[in-house]
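Below is one structure, written out as structure tokens; comments come after it.
The values are calculated or read from the model by the stated rules, or taken from the named source; none is laboratory data. Computed from a predicted model, the values in this text were never measured in an experiment. Cβ placement follows ideal geometry from the backbone for every residue including glycine, while neighbour counts extend to all protein chains displayed. For the accessible areas, the whole protein counts, side chains as well, though only heavy atoms, and no ligand, DNA or RNA atoms are used. Shrake-Rupley method; radii C 1.70, N 1.55, O 1.52, S 1.80 Å.
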Amino acid sequence: MQKTLLTIATSSLMCLPVIAQADSPLFSMHDGDGFKRFSVSVGALHVMPQGKAQPIRVNTAVKDGEVAEVGDISIEAVKSNLDPNMDSNSTTTIINLLDGLNVDTLPASLSGSAEIYGLEQWDNPNTGLEAEDVTTLGIMSNYFFTDNISFEMKAGVPPKVDINGKGKIYAPFSAKATPELLGLPLESIDMKNDILITDLEAYGPVASARAWTPAFEFQYHFGKTGVNKFRPYVGLGLMYAYFNELELNDQTEKDLLTQAI
């Protein structure tokens with residue numbers, strides 16, 4: 001299953017004002033005054049996603065107020081999804097009678113239609129997705145404007161990243177159902193229930209994806225070339241994170257595609 005997920009990592013970019021003429025040595029391709037203009041290194045690149053999981057918003061093709069034929073439905077499903085605040089009427093009496101006679105299914109010829117609400121769009125508080133830390137082979141190229149100030153570009157072999165889920169997704173279903181008897185409508189019944197679609201923490205990682213994480217950073221290096229062997233630096237920059245080849249957990253995908261009322 002091929003899908004694409006796009007996200008932008010939060011970060012900051014520090015702009016350094018530079019005043020230069022066309023012949024400025026800052027942009028010379030030659031070595032600087034006692035220091036190298038370019039450096040390239042290869043090593044382990046550890047990606048640590050930051051931030052908190054954002055609540056998942058669900059959008060479906062079921063518009064609020066859409067009327068659909070119910071079809072065959074179990075008596076148990078009807079009773080378990082009745083609005084507890086609804087007053088009893090002749091239709092609920094019939095349903096209870098059928099249940100007492102051990103009738104398991106209300107056939108399509110009796111179930112009639114339902115006007116559905118709540119499934120067009122909804123948020124799921126306390127849910128979200130979080131990518132795990134990952135280590136890959138990285139390539140870092142650094143251009144030095146001066147012996148202390150440089151601009152570095154980082155890129156790595158795009159690794160597969162596990163994406164963990166948090167919380168449970170419920171569908172806030174409600175409907176006004178109108179059963180029929182001999183083709184004539186009976187009294188409507190109100191249905192309302194938060195239906196569990198999937199538990200994002202139940203089956204391990206919700207998905208995996210390939211992560212592309214190029215980064216750009218301005219750095220200030222302490223000390224001086226040829227004098228200090230240990231030269232720590234501080235940096236500030238921007239990372240762009242792009243995920244593709246998204247593959248859902250088989251069980252999670254099954255829940256999302258097949259969960260029914």
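So here's what we get for this one:
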{"item": "Members of the stretch 198-216 found to be surrounded by 18 or more Cβ atoms within 10 Å (Cβ to Cβ) and of a type outside the set (S, T, N, Q), listed by number", "result": "L200, P205, V206, A207, A209, A211, A215"}
{"item": "Subset tally (residues that are part of a loop (DSSP other than H, G, I, E, B) and either open to solvent by 30 Å² or more (accessible area, probe 1.4 Å) or small (G, A, S) (or both)) for the stretch 52-82", "result": "13"}
{"item": "Only listed residue being without any contact (Cβ under 8 Å) to a residue 60 or more places away in the chain, among the β-branched types (V, I, T) and touching a strand residue (DSSP E or B) at 6+ places or on another chain (Cβ under 8 Å), chosen from V157, V134", "result": "V157"}
{"item": "Tally of residues being assigned to a helix (DSSP H, G or I), open to solvent by 80 Å² or more (accessible area, probe 1.4 Å) and in contact with a helix residue (DSSP H, G or I) (Cβ under 9 Å, 6 or more places away or on another chain) across the stretch 83-140", "result": "1"}
{"item": "Qualifying residues in the stretch 228-250 (those that are open to solvent by 70 Å² or more (accessible area, probe 1.4 Å) and not in a strand (DSSP E or B)) - the one nearest to G34 (Cα to Cα)", "result": "K229"}
{"item": "Qualifying residue in the stretch 208-220 (condition: under 26 Å from L129 (Cβ atoms), in a loop (DSSP other than H, G, I, E, B), hydroxyl-bearing (S, T, Y) and touching a residue at least 40 places away in the same chain (Cβ under 8 Å))", "result": "yes"}
